[in-house]
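Read the structure below first, then the notes.
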Amino acid sequence: MSISIKNSIAILNATWIGINPDTTVDTISIDSRSLQNSEHTLFFALTGPNNDAHHYINDLIANGVQNFVVTFIPEECKDRANFLIVENTLVALQQFASYYRSLFHFPIIGLTGSNGKTIVKEWLNFLLSPDYNVIRSPKSYNSQVGVPLSVIAINEKHNLGIFEAGISTVNEMDKLEKIIKPTIGILTNIGSSHDEGFTNLEEKIQQKMLLFQNAAVLIYQKNSEVEKYISAKTNPFSWSYKEENADVFVFKKETENQQTTLFYTYKNNNYQLKIPFIDKASVENAVSSLMVLLYFGYESSVIQSRMEMLFPVEMRLEVKNGINNCSIIDDSYSSDFQSLKIALDVLESQNKFKKKTVILSDIFQSGFPNEQLYAKVAQLIISNKINRVIGIGETISEFKDQFLNCITFKTTADFIANFDKLDFSNESILIKGARSFQFEEIVTLLEEKTHETVLEINLNAISYNLNFFKSKLKPKVKIMVMVKAFGYGNGGLEIAKLLEHHKVDYLGVAFADEGISLKNGGIKLPIMVLNPENTSFSAIIQHQLEPEIYSLKGLHAFLKIAKQKNLQHFPIHIKVDTGMHRLGFEENTVDELIATLKGNSTVKVQSILSHMATSDDAKHYDFALSQIQLFDRLSSKIRNELDVKPIRHILNTSGISNFPEAQFDMVRLGIGLYGVSNDENEQKELETVGTLKSIISQIRIIPAGDSVGYGRRFMAEKQTKVATIPIGYADGISRAWGNGIGFVSIKEQQAPILGSVCMDMLMVDVTQIECAEGDDVIIFGESPTVSYIAQKLHTIPYEILTSISQRVKRVFYR
Ligand SMILES: *Cc1c(COP(=O)(O)O)cnc(C)c1O
């Protein structure tokens with residue numbers, strides 16, 4: 001793509017203010033981190049309720065970006081770049097995409113539906129890619145922002161597009177339709193998810209169907225509610241399990257050995273098709289995919305040979321701990337240029353180690369001749385500052401010379417044979433390969449070996465929860481996020497990096513050590529240490545951490561060291577006790593505090609804080625108000641008498657929710673970030689961050705009268721199927737959770753814990769659950785939730801989260 005700035009101004013109907021009207025753009029970006037940002041990038045400064053990309057423009061100009069679509073020009077950026085001023089940058093992005101789409105005239109498949117969009121899209125890509133150069137939306141880019149970005153990635157070499165559209169309320173689909181303009185429509189499934197945004201099912205169907213208003217054909221499961229909304233231009237092409245008059249009538253399904261055989265009638269002939277799935281949703285998605293192949297006129301033998309190779313789609317770019325302190329990003333399931341770009345961005349944003357290696361297979365489906373393709377890939381890899389490339393495959397081996405510092409192997413087996421010589425340590429490794437290369441074997445080799453229990457942390461959920469709380473803040477109120485105790489057990493450094501990206505104002509930790517390890521990990525944000533011991537003051541100063549000072553004794557000790565080091569205006573935080581009676585200056589010591597600090601230039605009162613004892617409890621509302629009032633009074637006094645302008649803050653998570661008038665200058669977000677609220681209604685609005693998972697080690701059937709576990713505390717009254725899970729109280733599962741109180745989830749069903757929890761294992765009742773050894777087990781997550789467990793154990797979610805032992809591996813994903 002190459003579009004002139006002049007043309008862009010016309011497309012967007014923008015006002016232009018800039019330095020060079022004769023330039024062109026070849027890349028679109030909305031992400032300030034993206035390394036593809038360059039001189040020929042057109043950056044759209046999107047604004048959301050909590051984030052405004054206009055803030056990043058200054059940095060982007062410094063990094064060479066020249067062209068911006070904005071709603072205003074930030075003061076410091078005037079006369080330094082080209083600005084296209086519009087009313088709404090998101091609308092502009094959509095207009096741009098819609099114009100860009102109109103330049104191409106090949107078939108475009110548009111998918112929508114409540115479930116299955118992403119899977120059907122990935123499967124169609126797999127099924128059709130032998131014959132087409134497919135462009136598809138990456139991951140599940142199906143939103144008002146994701147769709148335009150996906151469409152803008154089309155290039156001259158493509159000859160088939162597959163894009164998904166997701167909506168959550170009315171008036172969204174019309175916009176997406178204009179951008180995708182599908183010629184072939186697929187309605188995957190209209191289940192009941194995301195119903196909140198619609199008054200009823202009918203409205204939801206009607207809105208989804210808008211995607212197909214200009215399509216030549218619509219593929220759907222036969223349904224008269226849907227048919228009401230098929231436009232006159234569109235040919236229906238339906239399938240059904242029940243209705244014989246559907247175009248494709250699936251009259252029988254047989255399942256055996258994890259396979260399903262479908263028997264169907266099409267154009268008066270009967271056919272059979274074997275697919276490697278038995279679950280209802282996968283079979284339905286496979287039928288949707290089959291419909292497309294039939295529509296394209298494929299022979300039944302070709303259909304069979306391709307569809308029997310369908311695979312379960314794991315769409316996540318998983319970040320895992322590797323051997324020798326490496327960090328690995330597992331993308332071992334696809335290899336095309338577009339998804340390589342995304343994976344490199346993830347590698348970049350993770351920014352854990354300076355040293356970076358990419359293990360890359362041959363790349364398929366680019367549409368470009370190999371020469372050109374590998375030149376582009378090499379360029380991309382160089383611009384991402386990758387230190388080492390390990391290419392695996394015949395083709396990439398031929399183009400080895402294009403890359404700097406590149407080793408190649410013809411096959412994955414060759415690589416594995418030479419694994420020991422490759423010396424992986426203290427680096428980030430992206431593993432990116434087409435399925436046929438079976439890079440999962442490489443992942444297994446590189447992954448740190450621990451037992452099979454993991455705490456999975458959903459980084460997107462953290463971002464979501466952060467924004468949820470930010471949206472409650474008045475303009476200009478700052479936010480400190482508490483990452484003490486390894487981010488409430490969820491992982492300190494990874495979460496701090498994410499928060500840094502989101503430009504929170506402060507981090508808070510409990511002890512100096514925690515702050516030092518964040519600074520050593522490259523965190524630049526200011527960090528307040530809640531509980532600095534006098535012995536750690538030197539280290540605090542050395543690592544530029546900021547201590548909370550809560551007593552005269554502590555103040556004098558800190559001043560002594562700070563003076564020795566000749567510090568000037570070193571930031572400290574003054575904690576006052578307003579009723580919690582834990583740490584803090586009491587009211588009667590405040591005068592002496594002021595006297596000590598008056599005229600002192602060694603330290604600077606960066607902030608004044610206090611902590612509430614009952615912000616989560618309506619019963620103590622008056623007490624909470626009295627704390628806030630006392631805080632206001634004491635902090636005002638310090639501020640006025642010292643003539644300083646410190647940041648004032650008192651609210652924790654439930655304070656943010658319950659005392660919006662007491663936000664002062666900053667709030668301190670803790671548990672809410674991790675998806676837990678003390679309020680039932682608010683809980684529904686947060687996303688689950690941590691899922692503690694394990695697997696079934698062994699299954700046995702015991703007769704009535706036998707017992708399970710230590711002390712025979714479970715006696716079977718009838719024949720019972722027992723599964724053993726390798727997680728116990730040493731991993732942080734309370735013993736009190738056993739003996740009929742607690743349960744785990746297996747296949748989305750509850751399996752009660754039998755007898756006592758052991759040190760490293762527990763046993764559960766799976767009599768009613770169809771399951772096998774090796775199956776996944778959820779200890780907590782969506783069900784049971786951490787809050788539920790806490791309630792049953794008469795404690796609070798904080799304790800459950802922070803009890804998960806450090807021997808449990810943390811896996812981060814987006
Ligand atoms: C832990 C902590 C917080 C955060 O509390 P949450 O209830 O988790 O939001 C805020 N301030 C101080 C002083 C804390 O110790």
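Brief remarks on what is shown
- For the pair Ala772 and Arg735, a Förster radius of 25 Å applied to the C-beta separation gives a FRET efficiency near 0.35, rounded to the nearest 0.05.
- DSSP-defined antiparallel bridges as percent of all bridges, the chain, nearest 5: 40
- Here's how it looks for Leu754: its modeled amide H is under 5 Å from those of Met763, Val764, Asp765, which are all 5 or more places away or on a different chain.
- Residues of type lysines that Lys470 reaches as a straight line, Cα spacing below 25 Å, ignoring anything fewer than 8 places off in the same chain: Lys478, Lys484, Lys497, Lys503, Lys519, Lys524, Lys575, Lys645, Lys684
- For the chain, the longest principal axis of the C-alpha atoms and the axis of helix 370-383 are separated by about 10°.
- Of the chymotrypsin sites (Phe, Trp or Tyr not before Pro) in region 457-541, those whose Cβ has at most 16 other Cβ within 10 Å and which sit in DSSP loop: Phe511
- The residues Trp123, Trp16, when put in order of fewest to most other Cβ atoms within 10 Å, stand as Trp16, Trp123.
- Candidates Val808, Ala14, Gly732 compared by Cα position along the dipole of the chain: farthest toward the positive end lies Ala14, with charges placed on Cβ.
- On full extension, the segment bounded by Ala281 and Val302 gains 5.2 nm, given 0.36 nm per residue less the C-alpha separation.
- Taking packing as the residue-averaged number of other Cβ atoms within 10 angstrom, the listed peptides 181-187, 204-210 run from highest to lowest as 181-187, 204-210.
- Between Glu87 and Asp622, the FRET efficiency from the beta-carbon distance, with R0 = 45 Å, is close to 0.40.
- Residue-by-residue Karplus 3J(HN,Hα) for region 500-512, coefficients 6.51, -1.76, 1.60, Hz, glycine and proline x: 5, 4, 7, 6, 5, 8, 8, 10, x, 10, 7, 10, 4
- Considering only Ile796, Ile778, Pro752, and ranking their Cα positions along the charge dipole of region 690-813 that arises from unit charges at the beta-carbon of Lys, Arg, Asp and Glu, the one farthest toward the positive end is Ile796.
- Taking Cα centre as origin and charging only the Cβ of basic (Lys, Arg, +1) and acidic (Asp, Glu, -1) residues, the dipole magnitude of the chain rounds to 1140 debye.
- Selection from Val248, Tyr141, Asn159 lying farthest towards where the dipole of the chain points positive, charges on Cβ: Tyr141
- Estimated FRET transfer efficiency (Lys274, Ile701; beta-carbon r; R0 30 Å; 0.05): 0.40
- Fewest-first sequence of Ser428, Ser240 by Cβ atoms within 10 Å of each Cβ: Ser240, Ser428
- Charge sum, other residues only, whose C-beta stays under 11 Å from Thr602's C-beta, Lys/Arg counted +1 and Asp/Glu -1: +4
- Look at Asp616, Asp22 and count the other Cβ atoms within 10 Å of each Cβ; fewest to most, that gives Asp22, Asp616.
- Spin-label model distance (nm) - Met759 vs Asp632, 7 Å beyond Cα toward Cβ: 5.6
- Under 5 Å, built H, 5+ apart or other chain: amide partners of Ile167: none
- About its Cα centre, the dipole of region 88-198 is roughly 260 debye, where the only charges are +1 on Lys and Arg Cβ and -1 on Asp and Glu Cβ.
- Theoretical gain in end-to-end length, Asp665 to Phe72 [0.36 nm per residue, Cα-Cα removed]: 210.9 nm
- Estimated 222 nm signal from helices in the chain, with DSSP H stretches of n ≥ 4 weighted -39500 (n - 2.57), rounded to 500: -8500 deg cm²/dmol
- Helix 280-295 axis, angle to the chain major axis (alpha carbon atoms, nearest 10°): 50
- Computed 3J(HN,Hα) for region 561-574, one whole-Hz value per residue from the Karplus formula 6.51 cos²θ - 1.76 cosθ + 1.60 where θ = phi - 60°, is 5, 5, 5, 4, 8, 6, 6, 10, 6, 6, x, 10, 10, 9, glycine and proline marked x.
- Tensor-based shape of region 91-153 (alpha-carbon gyration tensor, a/c under 1.5 rounded, otherwise prolate or oblate): oblate
- Surrounding net charge for Val454, when Lys and Arg each add one and Asp and Glu each subtract one, Cβ distance under 12 Å: -2
- Anchor Lys474: aspartates and glutamates whose Cα lies under 14 Å away (excluding residues fewer than 8 positions away in-chain): Glu661, Asp665
- DSSP beta bridge pairing in region 463-684, given as percent antiparallel to the nearest 5: 0
- Gyration tensor verdict on region 3-95 (Cα atoms; rounded if a/c is under 1.5, prolate if a/b is larger than b/c, oblate otherwise): rounded
- Counted by Cβ distance under 12 Å from Cys771, the other residues give a net charge of -4, where Lys and Arg count +1 and Asp and Glu count -1.
- Karplus 3J(HN,Hα) series, Hz, for region 85-99 with 6.51 cos²θ - 1.76 cosθ + 1.60 (x for Gly, Pro): 8, 10, 7, 9, 6, 5, 4, 4, 4, 5, 5, 4, 5, 5, 4
- Taking amide H as placed 1.01 Å from N in the peptide plane, Lys604 has its amide H under 5 Å from the amide H of Phe570, Ile572, each at least 5 places away in sequence or on another chain.
- Cα-based helix-to-principal-axis angle, 117-128 vs the chain, degrees rounded to 10: 40
FYI, it's all coordinate maths here, none of it is from the lab. Predicted model, so just to flag it, every value in this text is computed and none were measured. Reconstructed Cβ throughout: ideal geometry from the backbone, glycine too, with neighbour counts over all protein chains shown.
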